[in-house]
Every structure is written in structure tokens, then in C-alpha cells.
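The values are calculated or read from the model by the stated rules, or taken from the named source; none is laboratory data. What you see is a predicted model; the values in this text were computed from it and never measured. So basically every Cβ, Gly included, is an ideal-geometry build from the backbone, and we count neighbours across all protein chains shown. SASA here: full protein model, heavy atoms, side chains in, ligands and nucleic acids out. Shrake-Rupley method; radii C 1.70, N 1.55, O 1.52, S 1.80 Å.
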Amino acid sequence: VQLQASGGGLVQAGGSLRLSCAASGRPFTNYAMAWFRQTPGKEREFVATISRDGRSPYYADIVKGRFTISRDNDKKMVFLQMNGLKPDDTAVYYCAAGAYYTGSSVEEGYDYWGQGTQVTVSS
């Protein structure tokens, strides 16, 4: 499956952004979807994941209550609504697809990755 992430940009602290990830290729509902992020010099870290049917989201503690992951299986898209952004949220955000039913926070389990979209939060 091919993934194309978009929606990143520059925003002030406290602001919001909505990331999108469009999928093509293999059946979208075969995959749980996730968002990870990475800053220079650091390992990629888990942000959120959502099950194949969209009913079971799961979040990293550092974004819980601020970020919302969702998916539209008809449109083959996954979204990350980010509210209350902080400078520490600055990173390249990647969407990923894995052959889980409910998803995982472990990077190695995801088979397909988008190209990443830059999110920069100014203080």
C-alpha cells in the first residue's frame, strides 16, 4: 500500500493542525493505521494508532487528550487532529500501515510508511 501524508505546517503554540494520509493500493481495511513522529537525532516515536474498523484508537500518553486519530475507510484516509500544540510537538510526522486488527505502538510492526510531513510549533 502506498501512503501520502499531508497537512503539516507552521503553527503557534496552542494552535491546531489536521494531518491527512491518503492510501492507495491494497485494501485499506486490511490495515490498522498509525502516526509516528521523529525529530533530528532522536528515534521515531509512536503518537497514535487506530484499528481497521476505526472503533479503537490508542494514544501515546504525551498526546492523549490533545490529539485525535480517525479514519475514513470509504475514502482510504487516516487523519490526525492536533489541538493544543506545544513546541515539543515539532517533528516530522509519518503515517504507517500494519497488518494488525487493533494497531500497535511498536514501529517495527508496520510494513508501509508515508514520506512524512513537517509540523513546526513556535513558542
Checklist entry - Going through the range 74-109 one residue at a time, which ones are of a type in the set (Phe, Trp, Tyr) and at pLDDT below 95? => result Tyr100, Tyr101
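With the requirement that a residue be open to solvent by less than 50 Å² (accessible area, probe 1.4 Å) and in contact with a Ser or Thr (Cβ under 7 Å, 6 or more places away or on another chain), what does the range 2-21 give you?
To start, the set of residues in the range 2-21 that are open to solvent by less than 50 Å² (accessible area, probe 1.4 Å) comprises 3, 5, 7-9, 11, 15, 17, 19-21.
Scanning the range 2-21 gives Ala5, Gly7, Gly8, Leu19, Ser20.
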Checklist entry - Does Thr102 count as assigned to a strand (DSSP E or B), open to solvent by 30 Å² or more (accessible area, probe 1.4 Å) and out of contact with any helix residue (DSSP H, G or I) (no Cβ under 8 Å at 6 or more places or on another chain)? => result no
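Looking at the range 24-78, which of its residues are among the acidic types (Asp, Glu), over 16 Å from Ser105 (Cβ atoms) and open to solvent by 70 Å² or more (accessible area, probe 1.4 Å)? Give the steps one after another, and end with the answer.
First pass over the range 24-78, keeping only residues among the acidic types (Asp, Glu): 43, 45, 53, 61, 72, 74.
Next, only the ones that are over 16 Å from Ser105 (Cβ atoms) stay: 53, 72, 74.
Within the range 24-78, just Asp74 meets the criteria.
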Checklist outcome for this item: When the range 72-123 is checked residue by residue, the ones that are more than 23 Å from Gly9 (Cβ to Cβ) and polar (S, T, N, Q) are Asn73, Thr102, Ser104, Ser105
Checklist entry - Just one of the numbered conditions (1) farther than 16 Å from Gln118 by Cα; (2) in contact with a strand residue (DSSP E or B) (Cβ under 8 Å, 6 or more places away or on another chain); (3) not in a loop (DSSP other than H, G, I, E, B) is not true of Arg52; which one? => result (3)
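Being part of a strand (DSSP E or B) and of a type outside the set (Phe, Trp, Tyr) is the filter; apply it to the range 105-122 and report the residue that is most open to solvent (accessible area, probe 1.4 Å). Reasoning before the result, please.
The first filter runs over the range 105-122 and keeps only residues part of a strand (DSSP E or B), leaving 112-113, 117-122.
Now restrict to residues that are of a type outside the set (Phe, Trp, Tyr): 117-122.
Working: Thr117: 17, Gln118: 88, Val119: 0, Thr120: 49, Val121: 9, Ser122: 41 Å².
Residue satisfying both the conditions and the ranking: Gln118.
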Item to check | Search result, residues across the range 79-94 that are of a type outside the set (Phe, Trp, Tyr), open to solvent by 10 Å² or more (accessible area, probe 1.4 Å) and either farther than 19 Å from Leu17 by Cβ or part of a strand (DSSP E or B) (or both) | outcome: Gln81, Val92
